[in-house]
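Q: Got a structure for you, written out below as structure tokens; questions coming shortly.
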Amino acid sequence: MTTGPILFFDSGVGGLSIVAPARALLPTAPFVYAADSAGFPYGTKSETEIAARVPVLLGRLAERYRPSLIVIACNTASTIALPVVRAALDLPVVGTVPAIRPAALLSRTRTIGVLGTQATVRQAYVDDLAARFAGDCSVLRHGSAELVELAEAALHGRDVAPERYAAVLEGLFGQPGGERIDVIVNACTHFPLVEAELAAAAPGVRFVDGGPGIARRIAHLTAGAVWPESPAPGTAVFTRLGEDERALAPALAARGFAQLEQL
Ligand code: DGL
């Protein structure tokens, strides 16, 4: 008997930036991709809303798909709701937190930018990471709901003007000392999906995210699992499945999620 699927959860398409490195390490593991499209976006919601919504949805998803592991592929949900989810569910849950540690290891100017959602950048969790791993760095933060929208648009195949990425980054570079930033943490899983566009708007700056580390964690936690010989078509499940979500079918199919379902 093979092991149950790995379930990736985000508000939208952002979690696909975690799926990619996980797929590279686990080529045949069954994956389910879950997006809370009815609750999107999370970054402008309150802590209370997110902490109430995410465990309930994950409980329903766990019941339907019987995953062996859940990955909260969303910084906003992880920095706010990880402890409540872990307390509510009886299976391993991996979270996504801002990659401040790897950024601090790379920075030469000792000035790091953290680009996330408004909800993520205001979390005490981020203060704690900055104090623990980047104590000698200046850590500048910027929350952008617009960049989440731009990443969704890009995955929908819509054109986005390059100046819009530059305008978002100005939220970091325009802060006092911002011109010294040499590493930016993509602290929202949507942002690595448009990393090439961000990098083009910020020459010489390096971008880091939690994807590769999370993929290694998933591989480690599922080391004893029995996966199928060859990959089966994956399922993408949405809390609202309308025209907008159906328009993602090509992008999802390209990443192995051929079936679309509604929760
Ligand atoms: N992808 C999510 C994150 O990592 C949140 C995007 C949103 O819904 O605002 O924070």
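Q: If you average 1/r over all unlike Cα pairs in segment 1-96 and invert the result, what Kirkwood radius do you get in angstrom?
A: Taking the inverse mean of 1/r over all distinct Cα pairs, segment 1-96 comes out at 13.3 Å.
Q: Between Pro55, Val85, Gly95, whose Cα lies farthest towards the positive end of the dipole of segment 34-109 when Lys and Arg beta carbons carry +1 and Asp and Glu beta carbons carry -1, centred on the Cα centre?
A: Gly95
Q: Sticking with this one: Running a GNM on the chain with Cα contacts under 10 Å, which residue among Val32, Val148, Val160 ends up with the highest mean-square fluctuation?
A: Taking springs between Cα atoms under 10 Å, the residue moving most is Val160.
Q: What is the Cα radius of gyration of segment 69-167 over 2.2 N^0.38 Å, N being its residue count?
A: In units of the globular-protein estimate, segment 69-167 measures up at 1.24.
Q: Also, I was wondering about something else. How far, in degrees from 0 to 90, does helix 75-88 lean away from the longest principal axis of the Cα atoms of the chain, to the nearest 10?
A: The helix 75-88 is inclined about 40 degrees to the chain.
Q: Something else: Write down, largest first, the equivalent ellipsoid semi-axes of segment 150-263 in whole Å, where each equals the square root of 5 times an eigenvalue of the alpha-carbon gyration tensor.
A: The equivalent ellipsoid of segment 150-263 has semi-axes of 32, 21, 11 Å.
Q: I need the peptides 5-16, 226-237, 38-49 ranked by packing, meaning the mean over residues of other C-beta atoms within 10 angstrom, with the highest value on top.
A: Ranked by mean Cβ neighbours within 10 Å, highest first: 5-16, 38-49, 226-237.
Q: Then there's this: Over the chain, consider all pairs of different Cα atoms and compute the Kirkwood hydrodynamic radius from their mean reciprocal separation; express it in Å, one decimal.
A: That comes to 18.5 Å for the chain.
Q: Per residue, how much accessible area does the chain have with a 1.4 Å probe, in Å²?
A: 43 Å²
Q: Let me check I have the definition right: for segment 178-232, take the eigenvalues of the Cα gyration tensor, multiply each by 5, take square roots. What are those semi-axes in whole Å, largest first?
A: In descending order the semi-axes read 33, 13, 8 Å.
Q: Evaluated at 37 °C with a viscosity of 0.692 mPa s, what Stokes-Einstein diffusion coefficient in µm²/s does segment 117-185 have when Rh comes from the Kirkwood expression over alpha-carbon pairs?
A: It diffuses with D of about 243 µm²/s by this estimate.
Q: Which percent of the accessible area of the chain is formed by carbon and sulfur heavy atoms (probe 1.4 angstrom)?
A: Of the solvent-accessible surface of the chain, carbon and sulfur hold 53 percent.
Q: Taking only Cα atoms and a 10 Å spring cutoff, compute GNM fluctuations for the chain and point out the largest among Gly213, Gly224, Gly116.
A: Per the Cα network of the chain with a 10 Å cutoff, Gly224 tops the list.
Q: Follow-up question, since we're still on this one. Could you point to the residue in Leu115, Ala134, Ala153 farthest towards the positive end of segment 108-166's charge dipole, with +1 and -1 charges on the Cβ of Lys/Arg and Asp/Glu respectively?
A: Of the listed residues, the answer is Ala134.
Q: Treating each Cα of segment 85-228 as an identical point scatterer and ignoring solvent, apply the Debye formula and state log10 I(q)/I(0) at q = 0.14, 0.19 Å⁻¹.
A: Normalising to I(0) and taking log10 leaves -0.70, -1.13.
Q: So what does the Cα-only Debye profile of segment 52-110 read at q = 0.12, 0.19, 0.29 Å⁻¹, as log10 I(q)/I(0), no solvent term?
A: -0.36, -0.67, -1.22
Q: Let me ask another. Please list, in chain and number order, the residues 5+ apart from Val94 or on another chain whose amide H is under 5 Å from its amide H, with Hs placed from the backbone.
A: When sequence neighbours closer than 5 places are left aside, the close amide H contacts are Ile70, Val71, Ile72.
Q: Restricting to Cα atoms and excluding each atom paired with itself, what does the Kirkwood estimate give for segment 14-59 in Å?
A: Mean inverse Cα-Cα distance, inverted, gives 12.5 Å.
Q: Between segment 48-63 and segment 203-259, what is the C-alpha centre distance in whole Å?
A: That distance is 19 Å.
The values are calculated or read from the model by the stated rules, or taken from the named source; none is laboratory data. On a predicted model such as this, the values are computed, not experimentally measured, just so you know. Cβ sites come from the backbone with ideal geometry, for glycine too, and all protein chains shown count toward neighbours. These area figures cover heavy atoms from the full protein model, side chains too; ligands, DNA and RNA do not enter into them. Shrake-Rupley method; radii C 1.70, N 1.55, O 1.52, S 1.80 Å.
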